[in-house]
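What follows is a set of notes on a single structure, which appears directly below.
The values are calculated or read from the model by the stated rules, or taken from the named source; none is laboratory data. As the structure is a prediction and not an experimental result, all values here were calculated from the model. Virtual Cβ from ideal backbone geometry, glycine too; neighbours counted across all protein chains shown. The area values use the complete protein model at the heavy-atom level, side chains included, leaving out ligands, DNA and RNA. Shrake-Rupley method; radii C 1.70, N 1.55, O 1.52, S 1.80 Å.
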Amino acid sequence: MNEIIHLSATELAAKLRAGEITSVAAVQAHLDRIAEVDGGERGVNAFLHVNTEEALAVAAEVDAIRAAGGADAQALHPFAGVPIAIKDLIVTKGQPTTAASKMLEGWMSPYDATVIEKIRAAKLPMLGKTNLDEFAMGSSTEHSAYGPTRNPWDLDRIPGGSGGGSAAAVAAFEAPLALGTDTGGSIRQPGAVTGTVGVKPTYGGVSRYGAIAMASSLDQIGPVTRTVLDSAYLHELIGGHDAADSTSLNEPVPALIAAAEQGASGDMTGVRVGVIKELQGEGYEAGVQARFDESLEALRAAGAEIVEVSCPNFKYALGAYYLIMPSEVSSNLAKFDGVRFGTRVLPAEGPLTIERVMGATRAAGFGDEVKRRIILGTYALSAGYYDAYYGSAQKVRTLIQRDFDAAFAQADVLISPTSPTVAFELGSKTDDPLAMYLNDVATIPANMAGIPGITVPGGLSEGLPVGIQFLAPAREDARLYRAGAALEKLLEDKWGGRLIDQAPELSAATTGGVS
Amino acid sequence: MASYTDELVDFDVALEKYDPVLGFEVHVELNTKTKMFSSAPNVFGDVPNTNVTPVCLGLPGVLPVVNKTAVEYAIMIGLALNCKIAERCGFARKNYFYPDTPKNFQTSQYDDPIAYDGWLDIELSDGEVFRVEIERAHMEEDAGKLTHMGGATGRIQGADYSLVDYNRSGVPLVEIVTKTIEGAGKRAPELAKAYVAAIREIVKALDVSDAKMERGNVRCDANVSLMLKGAEKFGTRTETKNVNSLRAVEHAVRFEIERHAAVLNSGAAIVQETRHWHEDTRTTTSGRPKSDADDYRYFPEPDLVPVVTTPEWIEELRARLPEPPAERRKRLQADWGYSDAEFRDVVNAGVTEAIEETIAAGTTAAVARKWWMGEIARLAKNADKDVTDMGVEPATIVELNSLIEGKKINDKIARQVLEFVVAGEGTPSQIVEKRSLAVVNDDSALGAAIDAAMEAMPDVVAKVKGGKLQAIGALMGPVMKATRGQADAGRVRELVLEKLGIEG
């Protein structure tokens, strides 16, 4: 395997700055890897669009600035020239944005998301757009209109969702960095099942402007990487106040890189880690529970104070989430009607009234899972049902926030398995939406409360990755990086290297792609 | 049960039996520089779909940001309507599919309006004051403008296709909703007109809206129901939408009262529905049924944080309010030296601002009143339009007046010029030039015409010489004829007297 693609983003950035390799070479190495393992019959299918020309052009520009030296080179962002993949829910000029839906097939955004403006300003070459469950609705990336993404650890298994494309791209060494979005776990659960790192920032920590809204009060953009430190760099780059997002926090980004560097010592002395009683045990696979218990032991040995906390209202979280999220979905997705942009489908017969064209467009343009949630949400908001459904769900949200407040009075960070199971087989839950929804039981409470969460690799169960989740109070994202980097260091010392390096070797031969 | 009837009951007869109950929803478009939730310019009349951003087009991924100036304008309207201002209020989504609404929901306010519980005193034509209670004034965004092509009615049903202009999409609106208004009796149509005129006067005085009804800056939905005199329960109401002139508001309320009475007298029931107003026939027709089945699935707008007002901010805005209209009227009447009757006529005609602006532009109060209450009012009546919708600007009057004072034209020609201005032919000077209307005050040309007339009418000349100066009038006809009406009457008189050696 090519040495370059194996580097963490931080390592690659250091080599670029030192002039040991060029950004063009780095981008080309990743493009070659994408060409090798992403297509083909059993390819990873992490990418919906590969942005070859622009990525190489940006890389060449960075190389030229570095070669010229002087103030311009000094002013470059530390990660300038390090390539990145973008979840295809985030709008980009010059590349199609589909949300993995037929509804937006071929649509080109006339504007860039705020996070994309920041990535352009920092001159990170964009490798392309990654696959997801349609409009980010799903936990397996099987609900993409453009075919499922495969888990690089086992090509017959799901890479999690909705951000399976970004997680798989990073896990398969197709990109060192990616952006995801997390509404109920769409960054963290794919991170867990692909053995990578993913962070959902505090709600408002990263601008949502340009992320196609699924559920506005829950969505957050965040980093997807192979190391905690890489996430810290990317998070600091994309974070911060944005006047275009009214829900964006008006305060500086916390010192996340410093926190990750502090955590990398592995010392957890004096840190109180709260184990959430309700997020373990029944429903969690034995292998997942075993890796979780080992992580606790490692933290305890490193000086952490392990305490048990109880969040009794978490049992209502999944139910409340499946009322609030679809309600917002039903309204956010109303704009996809074929009138102004995207796909327009005319009814096969009968008169061409506006209602019928809108109806035919939405019937043909949306997949079943999207329709299911629109219908659920429309019902939940209906007159006579609003109080019982949306109103009650909002009350549950308050109760969950209170549970977290009480828990954080006892602990600095909370810990749980990220997902109750390892990656399941493709197709095994597509007929049972409720079983799929249960995958997000541990990640949803953070979205409901607006607090940040991270997943770090916790080892393997039957050869498949298990993720460990840390949660912190709102605006205390730095605590996640401290604890996450510490656990990463402690476990890597135990394993003798990174978990991702234990992943099976992918090649054109295994994926049926070009060689 | 059918409620359709062509019959109307005479207004006075209807009100012997029924009491009308009114309610108004007035939409005021704010004149902020940018739109309610986006940085797109808020400008009327530009090329369609040019004043747009991804936000007001509702493209995927966009988010709204509240326009602070629009919030301030809404608070100022609330204060001027004697409302309470919410300490904290939010936006909500009103969900419905329609192609003029790019997100397929309108961002509005639902159960927590920025201003609520106010009142407005309306002065009727005889000086009686009627208090209208204000339920709420809330902020929202306007929809785009649809133009339906083909089809007979100009409505979406039956159209071949429709054009949509999103320049108006997202323009800030304040919707002012009254409580139910009882007790207006026969004065209901007059009150309706006076109420909308008062709202227009206020938002114009606040300078928060251009307040041009013909452009839809101020739009009124008028709710009317009738109840039998002495009854306790309100009748079923209808809502006549988008009544966009003061006269139309008056006529629509009158028409609906006459129509309701006819339906009720026939034993049928009023259908709760929206009605369309037709200016040409001065009638309403059935729109769509409006019932409690309309379900907009309101829920709090998750993309916006609540608006929080502080007492300091509110007081700062209160300090910016202009003087209250009643006090202002007292001051204007004193300044202008109009009698009570003259001033009341001016107010009722809705030309207070027009006169004020005309005076500010450089005429006397008497001249301004002469034109706005005279010729412009006459032309408006003939055209069946509001006086202020005739396209006559204060500058037009100033220009006409200076043409008269400079003896370029006389009063009679000035009235003709005004008609040409209304017809859109240009400014008064341009029209005088183009149509060669300048008064003939070239004394040699005039002198020749006078000589000819005197020669033809020696008996008249004799009378004048004999001291009957008013006989000069008989010479005017032939002189005017000879000069095609462009002679200045005063100058003709002077010249005749001069020629006869009489001291004028």
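Quick notes
- Net charge dipole, chain B: roughly 740 debye, given to the nearest 20, about the Cα centre with Cβ charges of +1 for Lys and Arg and -1 for Asp and Glu.
- Selection from B:270, B:257, B:222, by position along the positive dipole direction of region B:11-313 (Cβ): B:270
- Counting all C-alpha pairs of the protein assembly as shown, share separated by more than 50 Å (%): 40
- Helical contribution to [θ] at 222 nm, DSSP H n ≥ 4, -39,500 (n - 2.57), averaged over chain A, rounded to 500: -12000 deg cm²/dmol
- Approximate spin-label separation residue B:377-residue B:327, in nm, with each point projected 7 Å along Cα-to-Cβ: 2.9
- Annotation for region B:456-492 versus region A:10-73: alpha-carbon center distance of 99 Å.
- Pairwise FRET efficiency - residue B:161 versus residue A:501, Cβ, R0 = 51 Å, nearest 0.05: 0.25
- Restricting the trypsin sites (Lys or Arg not before Pro) of region B:266-353 to loop positions (DSSP other than H, G, I, E, B) with no more than 14 neighbouring Cβ atoms within 10 Å leaves B:282, B:320.
- Residues of region A:206-235 with amide N under 14 Å of a point placed 7 Å along Cα→Cβ from residue A:120: A:210
- Carbon plus sulfur fraction of accessible area for region B:443-500, probe 1.4 Å, in percent: 55
- Cross-link pairs exceeding 26 Å between alpha carbons, from the set A:129/A:371; A:118/A:200; A:93/B:68: A:93/B:68.
- The trypsin sites (Lys or Arg not before Pro) of region A:38-123 that DSSP puts in a loop, and whose beta carbon has at most 16 other beta carbons within 10 Å, are A:42, A:93.
- Where B meets A: accessible area buried, both sides, 1.4 Å probe, Å²: 2700
- Protection-proxy order for peptides B:353-366, A:466-479, each taking the mean of Cβ atoms within 10 Å per residue, highest first: A:466-479, B:353-366
- Residue order for A:48, B:8 - accessible surface, 1.4 angstrom probe, largest first: B:8, A:48
- Excluding ligands, DNA and RNA, the accessible surface per residue across the protein assembly as shown is 39 Å² with a 1.4 Å probe.
- For chain B, averaging the sequence separation of C-alpha pairs within contact (under 8 Å, six or more residues apart) and dividing by the residue count gives a relative contact order of 15 percent.
- Distance from the Cα centroid of region A:324-373 to that of region A:168-199 is 30 Å (rounded to whole angstrom).
- Euclidean distance of C-alpha centroids, region B:187-258 and region A:464-515, integer Å: 67
- Judged by the mean number of other Cβ atoms found within 10 Å, the most tightly packed of the peptides A:447-456, B:10-19 leads the ranking A:447-456, B:10-19.
- Whole-number percent relative contact order across region A:153-281, with pairs defined as alpha carbons under 8 Å at least 6 apart: 21
- Around the Cα centre of chain A, unit charges on the Cβ atoms of Lys, Arg, Asp and Glu (plus for the first two, minus for the last two) sum to a dipole of about 960 debye.
- Label-point separation, residue A:61 to residue B:462 (7 Å along Cα→Cβ), nm: 10.3
- In this rough spin-label picture, where each label sits 7 Å from Cα along the Cβ direction, the residue B:445-residue B:353 distance is 4.2 nm.
- A cut-off of 5 Å between modelled amide H atoms, ignoring neighbours fewer than 5 places along the same chain, links residue A:274 with A:307, A:412, A:413, A:414, A:415.
- Mean partner shielding of peptide A:352-359, defined as the number of other chain Cβ atoms within 10 Å of each residue Cβ, is 3.
- The charge dipole of the protein assembly as shown, taken about the Cα centre with unit charges on the Cβ atoms of Lys, Arg (+1) and Asp, Glu (-1), comes to about 1660 debye, rounded to the nearest 20.
- Listed residue pairs exceeding 32 Å between alpha carbons, taken from A:102/A:315; B:381/B:434; B:385/B:412: A:102/A:315
- Neighbourhood net charge (15 Å Cβ-Cβ; Lys/Arg +1, Asp/Glu -1) for residue A:270: +1
- Near the amide H of residue A:461, within less than 5 Å, lie the amide hydrogens of A:466, all on another chain or at least 5 residues away, with H placed in the peptide plane.
- Modelled FRET efficiency - R0 25 Å, residue A:409 with residue B:308, Cβ distances, 0.05 increments: 0.35
- Whole-percent carbon and sulfur share, accessible surface of chain A, 1.4 Å: 53
- 12 Å Cα-Cα reach of residue B:465 towards aspartates and glutamates, excluding residues that sit fewer than 8 places from it in its own chain: B:498, B:503
- The slack between residue B:423 and residue B:335, meaning 0.36 nm per residue of separation minus the straight C-alpha distance, is 28.4 nm.
- Along region A:109-114 the Karplus relation, 6.51 cos²θ - 1.76 cosθ + 1.60 evaluated at θ = phi - 60°, assigns HN-Hα couplings of 5, x, 9, 9, 4, 4 Hz to successive residues, with x for each Gly and Pro.
- Given R0 = 45 Å, the distance between the Cβ atoms of residue B:345 and residue A:355 translates into a calculated FRET efficiency of 0.30.
- Across peptide A:236-249, the average count of Cβ atoms from other chains found within 10 Å of a residue's Cβ is 2.
- Neighbouring partner chain Cβ atoms per residue of A:322-335, average, 10 Å criterion: 4
- Share of Cα-Cα pairs in region B:175-254 lying beyond 22 Å, as whole percent: 26
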